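No lab work stands behind these numbers, since they all come straight from the coordinates. Fair warning: this is a prediction, and the values are worked out from it, not measured in the lab. Counting neighbours? That spans all protein chains shown, and the Cβs are built from the backbone with ideal geometry, glycine included.
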Amino acid sequence: MQDVTLAASDDFYKICKTIKLLMVTSEIDRPDLAGVLMKQQFRFALGMGLVEFKLTLYGLGWRGVSVDVKHVLGSLDTMRAQLQSLAGIAQPAEVHSRI
């Protein structure tokens, strides 16, 4: 399970880094996207902390603990969708500028 959480965390932060880069280099100011980014980063960090806490309890022998990663994966999916949306917007402009 730790490999899955590490992979999800790595993916999430790579996506966030790419979105930040697109925001900084964009000609259009997107305060709404910055708000979504901050909110999802907070939700993801909180969710990962909870997952890791529950995994620690389980490792200590507390078997009544259930680990739910829906919120963590939800944040990852939200950020992935934002990145795909930005990529779709950026790509036609790049193609158009080459013509």
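General remarks:
- Over all pairs of different C-alpha atoms, the chain has a mean inverse distance whose reciprocal, the Kirkwood radius, equals 15.1 Å.
- Computed [θ] at 222 nm, helices only, for the chain once each DSSP H run of length n ≥ 4 contributes -39500 (n - 2.57): -29500 deg cm²/dmol
- Among E52, E27, the ranking by other beta carbons within 10 Å of each residue's beta carbon, starting with the fewest, stands as E27, E52.
- Think of each Lys and Arg Cβ as +1 and each Asp and Glu Cβ as -1; about the Cα centre, that makes the dipole of the chain roughly 140 debye.
- Once the Cα-Cα distance is subtracted from the 0.36 nm per residue extended length, the A45 to D68 segment shows a gain of 6.9 nm.
- Inter-label distance for D11 and A81, nm, one decimal - labels placed 7 Å from Cα along Cα-to-Cβ: 1.5
- Here's the list of lysines a cross-link from K54 could span, going by alpha-carbon distance under 17 Å and ignoring same-chain residues fewer than 8 apart: K70.
- Solvent-free Debye scattering, log10 I(q)/I(0), computed from the Cα coordinates of segment 19-74 at q = 0.28 Å⁻¹: -1.03
- For the chain, a Gaussian network of Cα nodes joined below 10 Å ranks G61, G47, G35 by mean-square fluctuation, and the top entry is G61.
- Once C-alpha pairs closer than 8 Å and six or more residues apart are averaged by separation and normalised to the residue number of the chain, the relative contact order reads 37 percent.
- For the options R80, R43, R63, a Gaussian network treatment of the chain with springs between C-alpha atoms closer than 10 Å singles out R63 as fluctuating the most.
- Highest-fluctuation residue, L57, L22, L83 considered, GNM on the chain with Cα pairs under 10 Å: L57
- Cα-based reach from K17 at 16 Å (exclusive), listing lysines while leaving out same-chain residues under 8 positions away: K39
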